[in-house]
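The values are calculated or read from the model by the stated rules, or taken from the named source; none is laboratory data. Given the structure is predicted, the values throughout are model-derived calculations rather than measurements. Because the Cβ atoms are built from the backbone with ideal geometry, glycine has one as well, and the counts that use them run over all protein chains shown.
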Amino acid sequence: MPTVTLTLPSGSLLLRRAVVGDLDAILALLADDPVSAARGDLARPEDRPAYERAFAAIDADPAQRLLVAVTDAGDVLGTMQLTVIPGLARVGASRLQIEAVRVRSDQRGRGIGGAMIRWAMDEAPALGAALVQLTSDAARVDAHRFYERLGFEASHVGFKYRPQR
């Protein structure tokens, strides 16, 4: 994916594929989020090998795009992961799944998250996706309103199961 420019209400940012050098900034975004932190994403040094393995798997998979929104100076202000999921339902339609959208807490309200997601929505047809979907933790009430403002509909109930290790 080539680097693209996201236009914000005040200025612009670059959106590009993440590189391993962005990992610390991405982990800081996860740790800065109360829901992620409660799940264990605390950017602890002892967890670094697991994050590096996950980054390598995402980076090697052509169906995955881990993206970062950065300033001209390279400061990471936001991230999101896109996954193209082929399927038989909907007459063989592929879906674009948006995951792990995070914006640095001191940068929220500037339009960064909206610009990132609108770009993904616009990019979906080029990726072969007939549907764009995302999930959001039930505790993220403000995020739900944000997604609805972008045109998403709360259409499903999600379930999770955690296998025993």
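Remarks
- When the residues of segment 10-24 are filtered to those that are of a type in the set (Gly, Ala, Ser) and over 12 Å from Phe55 (Cβ atoms), the one that is nearest to the chain's Cα centre (by Cα) is Ser12.
- Given (1) more than 27 Å from Ser10 (Cα to Cα); (2) at pLDDT 95 or above; (3) of a type in the set (Lys, Arg), number of the condition Arg90 does not satisfy: (2)
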